[in-house]
Structure formats: structure tokens, C-alpha cells
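Inspection log for the structure reproduced underneath, given as C-alpha cells.
FYI, it's all coordinate maths here, none of it is from the lab. Because the structure is predicted, anything quoted here is derived from the model rather than measured. Don't worry about glycine lacking a Cβ; one is built from the backbone with ideal geometry, like all the others, and counts go over all protein chains shown.
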Amino acid sequence: MSIIRITKEFKFEMAHALKGYIGPCKNIHGHSYELFVTVKGEPVNNPGSSDNGMVIDFKLLKGIVRENIIDLYDHALVLHKDSAALINDESRELYGKLITVDYQPTSENLLIYFAEVLKQKLPENVILHSLFLRETVTSFAEWYAEDNN
Ligand SMILES: [Zn+2]
């Protein structure tokens, strides 16, 4: 039996603001994020199955990540709930796709949240190994299952 890791890459555009941060990231601004989702498992050994030889069909993995993360966060503004409370009904439309969270929306905290979501949505035989989130050309954060057991 061999355990194999496979990775699917995603891109999304997202705006955020860091409440209380001393620096320009306290202002609403956006990033072109890159998310790498790495899962591991034993390739299916069932010649009669469509996913024979696969840890998980890339198409299935793509669907799970798109549905639960990318489609929600792409072109969204993500704000801490205390910041979002400052947006009144009249200006609400201007902010369109607004997601309020109860954590500071840094790459680190987004990864913690994304990991929890994906762990619940992946098939039982597929383990979430790691997440990589690139925020800028020179900055990224990583979540590893082995660090968080
Ligand atoms: Zn930022």
C-alpha cells in the first residue's frame, strides 16, 4: 500500500481589511490569492470503478473546493464582524458580496477556517494534508495537518 499526495490549484480575487492593524492593510484592499489544496490517500484499486488508480478524482476535489470556498470568496469583501457593523443599509449595496467573519481575515486565519471546512467535506478515505495560500508574489501561509493534530 502506498500513500500518495495530490494537489489542486485555485485562484480567486478577494478584498479584506485588517481591523486594528497598524499599517496600510487596515484599509480595504484586494489580493489575487492562490490556494493549493493537497490531500493524501491510497489510490483506489478497483478496475470497475471510474476513479480506479486515483486518490480522488481531480474533478471531484475541484468541485468540493469551488463549492465550499472559491465560489463564496471570489470577488468578495471579507471583514471582521465589528468592521462590517460600520456599513449601513445605504452603503451596503456598494460592498456587494460581503462576508463577515469573527476572526481577523488574515491568510493565516483564512487557512484555519478553510481547513475546517474541507476536512468536513472530503470523502472519508481522503485526508487533508496541507493548504498553501499565496497572498502576494512574496508572501504565503501554509496549514499542515501534522502541525494541527
Ligand atoms: Zn491584505
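Just a few scattered comments:
- Across region 23-37, computed HN-Hα scalar couplings (Karplus, 6.51 cos²θ - 1.76 cosθ + 1.60, θ = phi - 60°) run x, x, 6, 6, 7, 5, 7, x, 9, 9, 7, 10, 10, 10, 10 Hz from first to last residue, x flagging Gly and Pro.
- Anisotropy class of region 42-119 from Cα gyration tensor, a/c 1.5 cut: prolate
- For the chain, a Kirkwood hydrodynamic radius built from all Cα pairs, placed in the Stokes-Einstein relation at 37 °C and 0.692 mPa s, yields a translational diffusion coefficient of 196 µm²/s.
- Greater than 31 Å apart at Cα, pairs in K11/K121; K40/K81; K40/K97; K26/K59; K11/K81; K19/K59: K40/K81; K40/K97; K26/K59; K19/K59
- Amide H partners (placed H, <5 Å) of A76, local residues excluded: A15
- Seen against the Cα atoms of the chain and their longest principal axis, helix 107-121 is set at about 40 degrees.
- Selection among N52, A115, H31 by position relative to the dipole of the chain gives N52 as farthest towards the positive end (Cβ unit charges, Cα centre).
- Each Cα pair under 8 Å and six or more residues apart adds its sequence gap; the mean of these over the residue count of region 75-149 is a relative contact order of 25 percent.
- Rounded to the nearest 20, the Cβ-based charge dipole of region 4-147 about its Cα centre (Lys and Arg +1, Asp and Glu -1) stands at 160 debye.
- Sorted by Cβ neighbour density within 10 Å, fewest at the top, the residues S139, S130, S2: S2, S139, S130
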